[in-house]
């Protein structure tokens, strides 16, 4: 079985979370199954094989779960993209709309150097709003987005289209 | 240089965050320096060498950053302990007091099996309130706390004393 199939098999689908009508793709069984977790990290690494990049920017908080082992595996820096008010140093921030309300993502001002080629990593691509905000933080910092990388992509929500033209989009598992 | 020294050197101290008078120990430079991140994971792994355990329970969200590579390194399950409302399945939860207000920590009801020996992992031990809440979730689930493991321990806040008698406390770096 390939990496993607192994991960797909481990993901659990939970209806009506966080709201009625939403089928939530739960990645917690992946981290609880060492073989599936290993396949996830190997699979994400393989997705990036043809891409040149310098640093991984992982989105809080499920992005940290997959970003940290991937950054370790390839021995490259992991930059944290965090929710508002969590980073103690000088930050850049971007606010973006959610279905209900808005959210803010921040990065330390000295984490991305001009010219850094950045892979933006999260567990899941839905509409792409959070990933687009992450890309905005990278470019504000003078970096270039070398690619977007997701464990799971929800094809129906067309997040890939919303990111199209900015950088390649890589996803290990599609639903 | 040993693992602990390498990590200690990478940690940045930021005054007056999140409140005046607090000296915040910032671990973000650790994840941005592959050698320091590698030392962190190797060091945490070495702390647990003499302990018998089955699963790692990592506390959201900085616990995920160190828990995920450690779980991968030793090929054991990582269970997520998350803030309220984030886990989609049936959960157990515990509320605990913070300096101002309170917080809730949750775990999926099926993540810890009776008898599982659990290492509770977080980036930082301060007063120990969050770690004690995590221990309560583990025992509620029928598990045993095999140890507490932290990247950083703030000795002055005596969190170790508050956890004493429940399980061994391991910390890589002390301030």
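Structure values in brief
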item	result
Boolean, residue B:146 is in contact (Cβ under 8 Å) with a residue 40 or more places away in the chain, touching a strand residue (DSSP E or B) at 6+ places or on another chain (Cβ under 7 Å) and closer than 30 Å to residue A:17 by Cα	no
Region A:136-162, residues that are part of a loop (DSSP other than H, G, I, E, B) and closer than 17 Å to residue A:118 by Cα	A:141, A:142, A:143
Unique residue being under 19 Å from residue A:18 (Cβ atoms) and modelled with pLDDT under 95 when the list is A:124, A:98	A:98
Those strands (runs of 3 or more DSSP E) lying entirely in region B:59-135 with at least 2 residues touching a helix residue (DSSP H, G or I) at 6+ places or on another chain (Cβ under 7 Å) and within 14 Å of chain A (Cβ to nearest Cβ)	B:78-83, B:102-108, B:117-125
Selection count where residues are free of Cβ contacts under 8 Å to residues at least 24 places away in the same chain, in contact with a helix residue (DSSP H, G or I) (Cβ under 9 Å, 6 or more places away or on another chain) and farther than 18 Å from residue B:61 by Cβ, scope region B:3-37	4
Residue that is in contact with a helix residue (DSSP H, G or I) (Cβ under 9 Å, 6 or more places away or on another chain) and under 25 Å from residue A:29 (Cα atoms), where the choices are A:173, A:145	A:173
Every residue from region A:1-31 that is out of contact with any strand residue (DSSP E or B) (no Cβ under 6 Å at 6 or more places or on another chain) and farther than 17 Å from residue A:172 by Cα	A:16, A:18, A:19, A:20, A:21, A:22
Criterion: on the phi > 0 side of the Ramachandran plot, surrounded by fewer than 21 Cβ atoms within 10 Å (Cβ to Cβ) and more than 16 Å from the chain's Cα centre (by Cα) - qualifying residue of A:49, A:16	A:16
Total residues in region A:22-54, condition within 14 Å of another protein chain (Cβ to nearest Cβ) and not in a helix (DSSP H, G or I)	10
Residue B:103 vs. criteria under 19 Å from residue B:60 (Cβ atoms), over 17 Å from the mean Cα position of the chain (by Cα) and surrounded by fewer than 22 Cβ atoms within 10 Å (Cβ to Cβ)	no
Qualifying residue in region B:108-118 (condition: under 16 Å from the mean Cα position of the chain (by Cα) and surrounded by fewer than 24 Cβ atoms within 10 Å (Cβ to Cβ))	yes
Hey, residue B:165 within 14 Å of residue B:55 (Cβ to Cβ) and part of a loop (DSSP other than H, G, I, E, B) or not	no
Top-ranked residue of region A:85-100 - restricted to ones that are over 20 Å from the mean Cα position of the chain (by Cα) and closer than 19 Å to residue B:11 by Cβ, ranked as surrounded by the most Cβ atoms within 10 Å (Cβ to Cβ)	A:88
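The values are calculated or read from the model by the stated rules, or taken from the named source; none is laboratory data. Note that the coordinates shown come from a computational prediction; the quantities given were computed from them, not determined experimentally. Using ideal geometry, Cβ is built from the backbone for each residue, glycine included, and neighbour counts are taken over all protein chains shown.
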